[in-house]
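Here the structure comes first, spelled out in structure tokens, and everything after it is commentary.
Every number in this text was worked out from the coordinates using simple rules, so none of it is lab data. Computed from a predicted model, the values in this text were never measured in an experiment. No Cβ is skipped: glycine too gets one built from the backbone with ideal geometry, and neighbour counts run over all protein chains shown.
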Amino acid sequence: MTILRPQPPGIPTPRPSVHAEAYWEGCRRHELLYQRCTACGHAGLRAFTVCAGCLATTPAWERSAGSATLYSWTVVWRPPSPAFTVPYAPAIVRLDEGVWMMSAVIGCEPDDLHDAMALTVEFHPASADIVLPYFAPSRP
Amino acid sequence: MAPHPFGQVAIVGVYNTAQARRLPGHDSTSIALAGALGALADAGIAASDVDGVVGPAAAEIAMELGLGPCTRRPSALGIPALLDAAALITTGQCDVVLVAAGGAGIHMDPSSTAPWTRPANELVVGYGLFTAAEFALMARRHMILYGTTSEQMATVAATIRTNGHVNPAAVYYDRGPFAVEDILASRMVADPFHLLDCATTSEGGCAIVLVRAERAGDSPAPLWILGGASDAFGPAYAVAPVWDFRPRADADPAGRVGGRAARRAFAMAGLAPADVDVAELYDPFSFEVIRQLETFGFCDEGEGGPFVEDGNIAPGGRLPVTTDGGTMSFSHPGINAQQLQRVVRAAEQLRGTCPTNQVDGAEVALCSNGGAGALFCDVAILGRERP
């Protein structure tokens, strides 16, 4: 039985960009943040300064409840570098707030992964500075 | 009727250098230069006639070949570089333009995937994303939406790899032939992609020479750009590659990237998908070919799997695809040359000079670059008849 797990520290980690600092600070507090346009409600695929929906320049950070469904996934057996432990399951999840995000599924077997699987966010440290949001099967 | 936008531009030289896993003694610039010299020789044009260079090594090539003063455009990728080169001529900036690209000495660490496949962007790096995984996320969604199968993807890989198996110029010449079962039996890389569903890596260069149409008479077999356009949704490998991502309600989804480009290219050409004799589709992963066949209109949405399963893309089929072996077998020398090589092969097909898998009497060839996993896709349609 192979249970998907978070990567141990030592993997390449993100260098937070200026517009996403709040996101990474939220992860350190175990809060999942995303940006929404205060004018039209549009939420993008990443932090933005101009809304792709209405061109307003007033995005605001909101906190997600951390519930999501699985939208797409892969199970990696040959990693891009030896720093990663296989198997792992990069995934696109759709937050209940209607936002897509890149993450990885943990806490189940690769064969358990299925479309629209109910997931809940979990936070795991990747380095001294970076905490990564992962998603695990929701407990009923 | 308005004149065709590319009617003043002829492709008169194309060339691939030797392609190999390693080309000792070369770097990306020197192998691009070798490609440039080959394409000029093929065109029968003196380097001193070149007044424009397009490609990542454009400035270096201008110096090495003593072309200055000349126009240089560092446009990196294959089809956009071709279209930029043609535009330099149609807008009167240049008369003879060289497009050259090459990759060598880049991928030196066998414990990791090729450097160009693993950009370390903020939202993807911590999850171990790389090109195979990014494209797998698009493929998975297509499997969910349309029931596309691993066998159908393997059919693409087996077809293209067997095209390379018979091509003496391919890096993986004489390594086949490949059946669907061979692809499925190879080890898993990023589910649903097995090792043999993925591009290889190698080194090599290539180049193309374009001239103002008045000079085309000097060429025994000038070829013409009938149409071309590019689509992108955003930066590659920086955000989740979401099939259903639509920036606007009326936009194609990201999973159909290249659809708008193909519609524009066909409209420019005054042609329909049924008019295409051979498709040199960019093949970073087996699924991407299925997606492009649908997106470009060769079959209906969701019908790409059955289309390949019915033998349409095989040599002798309705639409032979990636006839030299593509990135899976012919060569995959970095992000620039591998894209331009689809144009080179399309040109060879139209000249009727392919030593293997020549499509008899090919008049119209479509070539493509990119793919949904990278959020961009480019299309060019080439032909024997001046538009």
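What ranking of B:Met63, B:Met108, A:Met1, A:Met117 emerges when the number of other C-beta atoms within 10 Å of each C-beta is taken as an exposure proxy, fewest first?
Placing the least packed residue first, the sequence is A:Met1, B:Met108, B:Met63, A:Met117.
Over the range A:18-137, what per residue volume does the convex hull of the Cα atoms give, in whole Å³?
114
What size of dipole, in debye to the nearest 20, comes out for chain B about its Cα centre when the only charges are +1 on Lys and Arg C-beta atoms and -1 on Asp and Glu C-beta atoms?
440
Just how many % of Cα pairs in the protein assembly as shown lie over 42 Å apart, if you round to the nearest whole percent?
20
Rounded to whole Hz and in sequence order, give me ³J(HN,Hα) for the range B:118-129 from the Karplus expression 6.51 cos²θ - 1.76 cosθ + 1.60, θ = phi - 60°, writing x for Gly and Pro.
Per-residue couplings from phi come out as 9, x, 9, 7, 3, 8, 10, 5, x, 9, x, 6 Hz.
Divide by every residue of chain B the summed helix terms, -39500 (n - 2.57) for each DSSP H run of at least 4, and state the resulting mean residue ellipticity at 222 nm, rounded to the nearest 500 deg cm²/dmol.
After summing the helix terms and dividing by the residues of chain B, the value is -9500 deg cm²/dmol.
Would you order B:Val239, A:Val76 from fewest to most other beta-carbon atoms within 10 Å of each residue's own beta-carbon?
Neighbour counts put them in this order, fewest first: B:Val239, A:Val76.
Using a Gaussian network model of chain B whose springs link C-alpha atoms within less than 10 Å, name the residue from B:Phe135, B:Phe193, B:Phe233 with the highest mean-square fluctuation.
So, out of B:Phe135, B:Phe193, B:Phe233, the one fluctuating most is B:Phe233.
Taking the range B:182-277, which trypsin sites (Lys or Arg not before Pro) meet the DSSP loop condition and have no more than 11 other C-beta atoms within 10 Å?
B:Arg187, B:Arg248
Determine the dipole magnitude for the range B:1-127: charges of +1 sit on the beta-carbon of Lys and Arg, -1 on that of Asp and Glu, nothing else is charged, the reference point is the Cα centre, and the result goes in debye to the nearest 20.
For the range B:1-127, the charge dipole is close to 280 debye.
Any chance you could tell me what percent of the C-alpha pair distances in chain B go past 31 Å?
30
For the protein assembly as shown, build the charge dipole from Cβ charges (+1 Lys, Arg; -1 Asp, Glu) around the Cα centre, then report which of B:Gly311, B:Cys70, B:Ala86 sits farthest towards its positive end.
B:Cys70
Hey, what angle do you get for helix B:334-351 against the long axis of chain B, alpha-carbon based, 0 to 90 degrees rounded to 10?
Long axis of B:334-351 versus the principal axis of chain B: about 70 degrees.
Within 10 Å of each residue's Cβ, count the other Cβ atoms and sort A:Trp77, B:Trp243 from fewest upward.
Least crowded to most crowded, the residues run A:Trp77, B:Trp243.
Just from its helices, what would the mean residue ellipticity at 222 nm be for chain A, if runs of 4 or more DSSP H residues each count -39500 (n - 2.57) and the sum is divided by every residue, rounded to the nearest 500 deg cm²/dmol?
Estimated from H runs of four or more residues: -1500 deg cm²/dmol.
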